[in-house]
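Report on the structure given below.
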Amino acid sequence: MPTLVNYSGDDEFYSGGSFCSADLGLMLSLGHADVYCPPRKRARISGPFVVEDRSKDPSLEVLPDECLFEILRRLPGGRERGAAACVSKRWLTVLSSVKNSEICRSKSYNNLNDAIMISKDEDLEVECDGYLTRCVEGKKATDIRLAAIAVGTSTRGGLGKLSIRGSNSVRGITNVGLSAVAHGCPSLRVLSLWNVPSIGDEGLLEVARECHSLEKLDLSHCRSISNKGLVAIAENCPSLTSLTIESCPNIGNEGLQAVGKYCTKLQSLTIKDCPLVGDQGVASLLSSGASMLTKVKLHGLNITDFSLAVIGHYGKLITSLNLCSLRNVSQKGFWVMGNAQGLQSLVSLTITLCQGATDVGLEAVGKGCPNLKYMCIRKCCFVSDGGLVAFAKEAGSLESLILEECNRITQVGILNAVSNCRKLKSLSLVKCMGIKDLALQTSMLSPCESLRSLSIRSCPGFGSSSLAMVGKLCPKLHQLDLSGLCGITDAGLLPLLENCEGLVKVNLSDCLNLTDQVVLSLAMRHGETLELLNLDGCRKVTDASLVAIADYCPLLIDLDVSKSAITDSGVAALSRGVQVNLQVLSLSGCSMVSNKSVLSLKKLGENLLGLNLQHCSVSCSSVELLVEALWRCDILS
């Protein structure tokens, strides 16, 4: 009774108490619960109080993946799915297995905030238009990262381009990661896989099933992918326009036949170092009546003359053809390719390291490709002067000719070829060891008025006599590159400079015997048009050259006098010149340029964007002052 009298009447919480028999079943079904209830009367006898273990509370984590899958695929929007993916790796993995077509999308939204969110997502989707780009490389290339990319981009217009280069050595990318991308990103248009050995046919099959809009596929060093995966892509991705297969030892003719049969929109094809690819696969791609191929690159394949015959006969739409290291192709193959008269649209042709490329084949190519404008011949040891001249006479539309490591070609063939190419605009000679510095009669040769660019690099036999003859045939040059020609002197280069009109870009790097006289002549005759001058390694060039450049070259943008005899006086003269457009200056290796040049460089730096002071005698403190003053300029020191 005293207890009742002294009762304060405050409401209290009673945990787990028993109320009535009717509520017992409900409370037991709920498990442990805290219930608010004003006490009616204190119990004289208290029953046993049991505290349950909170760690045994019901949790979504006890659900199997199948149930969690059904729950997560019903999340209303992309923001919710993104938040759910951050809960744990398990949730991310399950979410990434939900295909885009399996997501339940409700058409009605009761919450205004949800409607606003969806509106924002729709705006972003229109902006991205399915062309979000992601690139994962090295240690970052894991299945978890791909799953996150798939979930994160699925509601932002979708992933359009994915590039995977390399793989994590411990947790590398596998078919699971690629399948996640396929499920979440059906808008994928470009897929590039490079050096991912754990991705095989299973991952590519998922891409084929889900990504029907795929337009470009690049497979490089993927040894686990075989014909099965490529066939699936061909059958399910009819929009494929570009295919690159490099160093994939398990892809062969069967896969290429499927591509030729189903991918009628294919325009670009590159196959390199695939030992199982032969004539049957290449022929099936090109001989299809619906073939739309315009660019073809075949490198290091076991194909024969038959493939080149097919190219020559059926390649009516091909504009660019690159053939490299085809050891089983003979002279007959190139001869048939040219005489088949099917390459009427061919504009660019590159032949590298092909023993079958001879004078006979080269002449046939010239006859059979009337619209050929770009020709590159590299490391073809059986091409000589006769074949080059015959080709030049037949290829009436030729504008650019590159000869690299063709050691049977001499200056006789070069001069005659230049004289016979009426439309030639660019000539490049690289490491042609057959060229000897001989004085020849050029009075019977016609000048090439169309030639604008001449590049002769690392041809040790090309000397002053050869250069003088070339100068007579090329009066309209705008670009001149003679880098690495140690044999030329002022006497050989001066006639060329006198015959040319309006040189714009000149590269004389590592021409050790040139002196200030050449630079003075170049500045006086071509200073009004000169924009780039490279004198790197010209040890006999001194401050006198910089004085001439300062006085006569107002349009100069890029100047390199590295490893020359330039001093502080030359830099000072340059700073007083008329170079209002100079943006890049390199003084690397000029040991006589010191701290005294800082003020001159500051004056030049008003327009400079790049300055190279490596291996100069400029102190660190002076460089710091320059960095502060020339805040727009990138300085190397």
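The values are calculated or read from the model by the stated rules, or taken from the named source; none is laboratory data. Keep in mind that this is a model prediction, so the values were computed, not measured. Every residue, glycine as well, gets a Cβ built from its backbone with ideal geometry; the counts of neighbours run over all protein chains shown. We work out accessible area using only protein heavy atoms, side chains counted, and drop any ligands, DNA or RNA first. Shrake-Rupley method; radii C 1.70, N 1.55, O 1.52, S 1.80 Å.
Here are the numbers for the structure shown:
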| quantity | calculated |
| --- | --- |
| Enumeration of residues in segment 336-347 that are assigned to a loop (DSSP other than H, G, I, E, B) and either polar (S, T, N, Q) or surrounded by 24 or more Cβ atoms within 10 Å (Cβ to Cβ) (or both) | Gln341, Leu343, Gln344, Ser345, Leu346 |
| Subset of segment 276-305 (residues that are open to solvent by 40 Å² or more (accessible area, probe 1.4 Å), more than 21 Å from Ser348 (Cα to Cα) and not in a loop (DSSP other than H, G, I, E, B)) | Gln280 |
| Answer from Gly387, Gly333 - the residue that is open to solvent by less than 50 Å² (accessible area, probe 1.4 Å), more than 25 Å from Thr270 (Cα to Cα), not assigned by the TED database to the domain that holds Ser446 and not in a strand (DSSP E or B) | Gly387 |
| Residue in segment 399-416 that is open to solvent by 20 Å² or more (accessible area, probe 1.4 Å), touching a helix residue (DSSP H, G or I) at 6+ places or on another chain (Cβ under 9 Å) and among the aliphatic types (A, V, I, L, M) present | yes |
| Residue that is surrounded by the most Cβ atoms within 10 Å (Cβ to Cβ), among those in segment 354-384 that are of a type in the set (Val, Ile, Thr) and assigned to a helix (DSSP H, G or I) | Val365 |
| Lys89 at pLDDT 70 or above, more than 31 Å from the chain's Cα centre (by Cα) and under 30 Å from Asn195 (Cβ atoms) | yes |
| Breaking point among (1) more than 37 Å from the chain's Cα centre (by Cα); (2) open to solvent by 40 Å² or more (accessible area, probe 1.4 Å), for Val519 | (2) |
| Meets criteria (at pLDDT 95 or above and of a type in the set (Asp, Glu)) for Asp551 | no |
| Evaluation of Leu533 against (1) within 18 Å of Val561 (Cα to Cα); (2) in a loop (DSSP other than H, G, I, E, B); (3) touching a strand residue (DSSP E or B) at 6+ places or on another chain (Cβ under 8 Å) (one fails), failing number | (2) |
| Condition met for Val571 (crowded, with 20+ Cβ neighbours inside 10 Å, at negative phi, of a type outside the set (Gly, Ala, Ser) and touching a residue at least 24 places away in the same chain (Cβ under 8 Å)) | yes |
| Strands (runs of 3 or more DSSP E) (entirely within segment 174-271) containing at least 3 residues that are open to solvent by 10 Å² or more (accessible area, probe 1.4 Å) | 190-194, 242-246 |
| Residue check, Ala565 surrounded by fewer than 19 Cβ atoms within 10 Å (Cβ to Cβ) and not charged (D, E, K, R) | yes |
| In segment 419-461, the residues that are under 27 Å from Ser509 (Cα atoms), among the polar types (S, T, N, Q) and not in a loop (DSSP other than H, G, I, E, B) | Ser426, Ser428, Ser453, Ser455 |
| Check on Ser465, over 30 Å from Ile318 (Cα atoms) and either open to solvent by 10 Å² or more (accessible area, probe 1.4 Å) or not in a loop (DSSP other than H, G, I, E, B) (or both) | yes |
| Criterion (closer than 19 Å to Cys511 by Cβ, in contact with a strand residue (DSSP E or B) (Cβ under 9 Å, 6 or more places away or on another chain) and not assigned by the TED database to the domain that holds Leu485) met by exactly one of Val561, Val541, Val593, Val584 | Val561 |
| Residue within segment 439-453 that is open to solvent by less than 50 Å² (accessible area, probe 1.4 Å), over 14 Å from Ile414 (Cα atoms), under 37 Å from the mean Cα position of the chain (by Cα) and not assigned by the TED database to the domain that holds Val580 present | yes |
| Selection from segment 314-330 of residues that are open to solvent by less than 10 Å² (accessible area, probe 1.4 Å) and either assigned to a strand (DSSP E or B) or farther than 13 Å from Leu372 by Cα (or both) | Gly315, Leu321, Leu323, Leu326, Val329 |
| Segment 488-507, subset among the small types (Gly, Ala, Ser) and part of a helix (DSSP H, G or I), residue modelled with the lowest pLDDT | Gly492 |
